[in-house]
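Everything on this sheet refers to the single structure shown next.
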Amino acid sequence: MMRGLKKILFIALMLFQAVASSQELQRANKDTAALSGKIEEVTISAFRSPNNLFNTPAPVNVITPLQLEMGNSLTTVEALNQVSGVLMHNGTLNTNRLTIRGIGSRTPYSTNKIKAYFGEIPLTSGDGETTLEDLENTAIRRVEIVKGPSSSLFGAGLAGVILFHPKTTTQNFAQNQATIGSFGTIKDILSAGIHGNKLNIFALGSILKSDGYRDNNETNRSNILINSIYSFSPNANLQVLLKSTKMKAYIPSSLDLPTFQEQPEQAAANWKNIEGYEEYTNGQFGISLNLTTNSGHKISAATFGSFRDADELRPFNRLTENSNYVGWRAYVQKSINGSPNKFIVSSGIEFFRERYNWSTFSNTATAGLLSDNMEKRQYENLFIQVESNFHERVFISAGINGNLTRFYYTDEFIENGDLSGDQTYQPIISPRLGANVVMNRSLSVFGNASHGFSTPTFEETLLPAGDINPDIKPETGWNTEIGVRSQISDRVQFTASYYRIYIKNLLVARRTGEDAYVGVNAGKSLHPGFETEIRYNVTNPLKLPSFMVTGTATIANYHFSDFVDDEIDYSGNNLPGTSKTAWFIFANFNPGKNFSLNLWYRYTGKMAVNDANTDFADAFGITGFETKYSGKLNRFKLELKGGIQNIFDIKYASMLAVNAPAVGGRLPRYYYPGNPRNYFFSVLIGVE
């Protein structure tokens, strides 16, 4: 039977390859050219004015569809970890922590201090927490990452901004992609596009099921996305984006060192015994109206909203959550003196209103209520940006963001007293100034100085007794940076930058129990680093066969510059959850118009697991490989892909529970084991 199946697949491949038209070769050449893409051809929109990356006066990276589709593509982890200065900790499919330039590394189990948007929809809650693990890679057209507080238009997040651009369509199509992988992993994606004169619709539905490598590690996730654009005229369109996710994922949690080394497939005993899990349903929408006037002014107005219902069974209690938010965002861009290349001014405002309810219950048979809370989160961002070409080779960009954030807390369980209260932070003004100088056709130099902030989460504002700490302050920081971008030839691209980020009023999540934290401002941290990226087309990128190698590297020393917590001085220590060295290398080989081979290697240096730097997670390097066949017969498309991840079966910690406590005299559980060697295979069938 297997021989017959292999023969059928071989005949199918030969037929597709034999009848593929010359247009297929042209398309392959275009794809290869896009992959090699000259710096000046890469256009970014993180600053609202479409700019060539070569001219952008800020640290910006673009993640392409090829990077998003690499590997098994279950989450965005692999793609984000290809960017210098970015580290995505990956505990399980539903437990991740993203850090940019070391910022956010001490957050226990989630991502904060980073602003993220999916189209016009914020992925960041009112208290600064960002959820990325339920994004579907196939629904993303590309990703732009602004590192450090370098974008005044998106809230001046301390670590940066990530813009996920939802996929659109330029043709009618329908396709289905089925993937199977190790650990009982099955994923199916059905997508379709409708392209008309005025209306374009992209729709996607996906289902993911995985038993996971570890005990108590099963995940079930489903996604639905609809992105539609209706064009009233060439200068006016309405975009409607709808997104929903349903997730149930069991939680194996982190392990102590002996268990991590000897039995990494195990779950933490307390989570396994109770069969702890996280389950939630959320829905999000974004509606934006975009206009261009006859005078060249651009006007955009958007509204967005979300709801989320969640239930989490934990060893210490059961948590139920309900939240919803609504917001508005509008901006106007206009040219001064009638010369769009001389002076462009963008200004706007963003309103955000969120209501968050959470309750905890006892895990005993009586399931008594332990707490019942309601919180209203509100913020406003005002922003303005000015861009100008003072000279044909000099591009200046300046901006300022003003933020006002407020929390209103109601304690609805008053058996132990009413702890209700409000928290209003002083307005925060965050300026930014950047410049880019084009030295010649192949070299540009940029510099950037910018301010950012991160407000405490609500949990960090509470004192041990449960009432609000009126003295806690947001973290604030300055980023200074200088860098170069070079297009040495059609075959070689190179970028490098050096930065220093100074953070004060460092927020410390001081543990008071297994799931209890108290936030304090405990000092300062310094984030110096050097980042570089290089792309080398070994062969002519417009001809086949083609061979390309890319590499990124980060050398950094993120550390506490002045940090005293609970009378212990940690000044000079490394920030836990960060490494001093990280690099990534990727090789792409296209032997012909239908076949491609990808090989990659990601190295992460050792990382401290606690503020005291008494223990470190070992350095590790992970190797992956995949091969892909893509063929087309008239309107029909076939794609086969298979690969191996962690080829050499390296044992490593894919995420750290930094500063994990030693509860009940037991060893602290710092380590989330990464997956051992694993395999995947996918089949895509479509019609265009």
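Every number here is computed from the coordinates shown, using simple stated rules; none is lab data. Note that this is a predicted model, so its numbers are computed, not measured. Counting neighbours? That spans all protein chains shown, and the Cβs are built from the backbone with ideal geometry, glycine included.
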Distance (nanometres) between label positions extended 7 Å along Cα→Cβ at LEU369 and VAL564: 4.4 nm
D_trans [Stokes-Einstein, Kirkwood Rh over alpha-carbon pairs] for the stretch 95-222, 10 °C, 1.306 mPa s, µm² s⁻¹: 95 µm²/s
Packing-based exposure ordering (other Cβ within 10 Å, fewest first) of ARG142, ARG635: ARG635, ARG142
For the stretch 170-233 versus the stretch 360-403, the gap between their alpha-carbon centres in whole angstrom: 28 Å
Listed peptides 66-75, 674-683 by packing density, highest first (mean Cβ within 10 Å): 66-75, 674-683
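So for THR219, THR259, THR92, fewest C-beta neighbours within 10 Å to most, what's the order? All intermediate terms of the calculation are to be shown ahead of the outcome.
Working: THR219 22, THR259 19, THR92 25.
With the fewest neighbours first, THR219, THR259, THR92 line up as THR259, THR219, THR92.
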Estimated FRET transfer efficiency when R0 is 51 angstrom, pair ARG666-THR480 (beta carbons, to 0.05): 0.70
Charge tally in the Cβ shell below 15 Å around MET247, where Lys, Arg are +1 and Asp, Glu are -1, MET247 excluded: -3
Given charges at Cβ of Lys, Arg, Asp, Glu: the chain dipole, positive-most of ASN659, GLN175, ALA608: GLN175
For peptides 555-568, 648-661, sequence by mean Cβ density within 10 Å, most packed first: 648-661, 555-568
Within the stretch 441-461, backbone nitrogen closer than 11 Å to the virtual label 7 Å beyond the Cα of PHE351 toward Cβ: none
Partners for LYS651 among lysines (Cα-Cα distance below 18 Å; same-chain residues under 8 apart left out): LYS606
Largest-first ellipsoid semi-axes for the stretch 2-687, taking √(5λ) over the Cα gyration tensor eigenvalues, angstrom: 38, 32, 26
SER571-LYS246 pseudo-label distance in nm [points 7 Å out on the Cα-to-Cβ vector]: 5.6 nm
FRET efficiency, 1/(1 + (r/R0)^6) with R0 22 Å, evaluated for ILE186 and PHE636 via beta carbons: 0.35
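If each residue of separation counts as 0.36 nm, what is the full-extension length gain between PHE413 and ILE336 once their alpha-carbon separation is subtracted?
Result for the pair: 22.1 nm of gain on full extension.
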Hits among lysines - C-alpha to C-alpha of LYS628 under 26 Å, sequence gap 8 or more where chains match: LYS6, LYS7, LYS30, LYS38, LYS167, LYS187, LYS209, LYS543, LYS593, LYS637, LYS641
For LEU370, residues with placed amide H under 5 Å, excluding near neighbours: THR360, PHE361, SER362
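Using 0.36 nm per residue of separation minus the Cα-Cα distance, give me the extension gain between ASN273 and GLU688 in nm, one decimal.
Working it through step by step, the gained length comes to 144.4 nm.
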CD proxy at 222 nm, helix term only [per DSSP H run n ≥ 4: -39500 (n - 2.57); per residue of the chain; nearest 500]: -2000 deg cm²/dmol
Cut-off under 5 Å, modelled amide H: who pairs with ALA657 long-range: TYR671, TYR672
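Arrange PHE458, PHE636 by Cβ neighbour counts within 10 Å, fewest through most, would you?
Placing the least packed residue first, the sequence is PHE636, PHE458.
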Label-point gap, in nm, between ILE207 and GLU321 - each point 7 angstrom along Cα→Cβ: 2.7 nm
Positive-end extreme of charge dipole, the chain - chosen from ALA435, ILE194, GLY91 (charges on Cβ): ILE194
